[in-house]
Every structure is written in C-alpha cells, then in structure tokens.
Amino acid sequence: MRFAAFGVLTLTAAIAVIVFGGQSSITAQTITRDQYHAQAGPCACPDDHKADGRRCGHDSAYCRCGGLEPLCYPGDDQGQRQSNRRGHCGHAC
C-alpha cells in the first residue's frame, strides 16, 4: 500500500513537470495568468473572457478551490490571495 501511494505521488510530480515544461520556478499549484492561458484555456482570472465574449467571473480558475491557482492580482504572490479572492469571488478557499 505504501508503495502504491509513493507511485501515485511520483507520477503526479512527473505530470506537473511535463505540463509546465520542466520549469522549476513553477509549482503544480501556482501559475501565472499567461502560463494558464497557454496550458489550460481562457479563464484563469475573473476578469478574463470566455470564447463567447462573456466575463469568466466565478467560473475562473482563480475562484475555484484547489487545483491551479493563477496569480491574477497584485499581492497574490505575497500572501494576499485569500483577501483578493474574497473581493473578486465572494469567498476564500
């Protein structure tokens, strides 16, 4: 059982390195807006726009808990993400 859990963690880390181009400065959780757009699509931040032109808002990765957390606003990388998220999304994770 212990080996299976280790294998899953190792595989997850390997996937994160592949997805993000092997750049060590990027973690599996935090990613810039431009990196998110290149890898996952248009809705990194609440003020981005969907393909149909509507604002992403609460559908953005920034407003979803867990997974990738794009740096959308000043201070997000300095520990202000929770207060920024409350202001832009109406909740904090």
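For the reader, a short list of remarks on this structure follows.
- The single condition among (1) at pLDDT below 90; (2) touching a Lys or Arg at 6+ places or on another chain (Cβ under 6 Å); (3) of a type in the set (Gly, Ala, Ser) that residue 44 does not satisfy is (1).
- Among residues of the stretch 31-48, those that are buried (at least 19 other Cβ atoms within 10 Å of the Cβ) and of a type in the set (Ser, Thr, Tyr), counted: 1
- Qualifying residue in the stretch 2-16 (condition: modelled with pLDDT under 90, assigned to a loop (DSSP other than H, G, I, E, B) and out of contact with any Pro (no Cβ under 8 Å at 6 or more places or on another chain)): no
- Residue in the stretch 55-62 that is surrounded by fewer than 11 Cβ atoms within 10 Å (Cβ to Cβ) and either modelled with pLDDT of 85 or more or of a type outside the set (Gly, Ala, Ser) (or both) present: no
- Residue selected from the stretch 25-82 under the condition among the β-branched types (Val, Ile, Thr) and assigned to a loop (DSSP other than H, G, I, E, B), by the criterion nearest to residue 93 (Cα to Cα): 27
The values are calculated or read from the model by the stated rules, or taken from the named source; none is laboratory data. Values in this document were obtained by computation on a predicted structure and should not be read as measured data. Please note: Cβ atoms are built from the backbone with ideal geometry, for glycine as well, and neighbour counts cover all protein chains shown.
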